[in-house]
Amino acid sequence: MKTGKIKVNLENGSEARPIALLVQEAGKFDSRIYLEIGTKKVNAKSIMGMMSLGMANGDEVEVSAEGEDEEAALDGVCKFLVGEM
């Protein structure tokens, strides 16, 4: 399992479009991917879970990935969250 903490840098935060794009990015990988803020942990491949997370620009998020492509999954999702994609 790979984990990393990042600060979210998405201009529109938890609006539907960026969340949908994040779920699409997570769906590219076979690994299980989770995002955690405080005590709330959700599956990054679940649109409903991601919408319920209430993620906002500037939030510190812990991202974890577990599976065959966990390193690439963690890298891809983190890059998306910091606005590098």
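The values are calculated or read from the model by the stated rules, or taken from the named source; none is laboratory data. Since the structure is predicted, the reported quantities are computational estimates derived from the model, not experimental observations. Counting neighbours? That spans all protein chains shown, and the Cβs are built from the backbone with ideal geometry, glycine included.
Annotations
- Members of the stretch 36-78 found to be under 11 Å from Asn9 (Cβ atoms) and modelled with pLDDT of 95 or more, listed by number: Val61, Cys78
- Of the residues making up the stretch 1-45, those that are of a type in the set (S, T, N, Q), touching a residue at least 40 places away in the same chain (Cβ under 8 Å) and assigned to a strand (DSSP E or B) number 1.
- Criterion violated by Ala56 - all others in (1) part of a helix (DSSP H, G or I); (2) farther than 13 Å from Gln24 by Cα; (3) among the hydrophobic types (A, V, I, L, M, F, W, C) satisfied: (1)
- Scanning the stretch 1-40 for residues that are over 20 Å from Asp75 (Cβ atoms) and among the charged types (D, E, K, R) turns up Glu11, Glu15, Arg17, Lys40.
- Val8 being modelled with pLDDT under 95 and buried (at least 16 other Cβ atoms within 10 Å of the Cβ): yes
- All positions within the stretch 27-81 that are of a type in the set (Val, Ile, Thr) and exposed (fewer than 14 other Cβ atoms within 10 Å of the Cβ): Thr39
- Of the set (1) farther than 19 Å from Thr3 by Cα; (2) at pLDDT below 90, all apply to Gln24 but (2).
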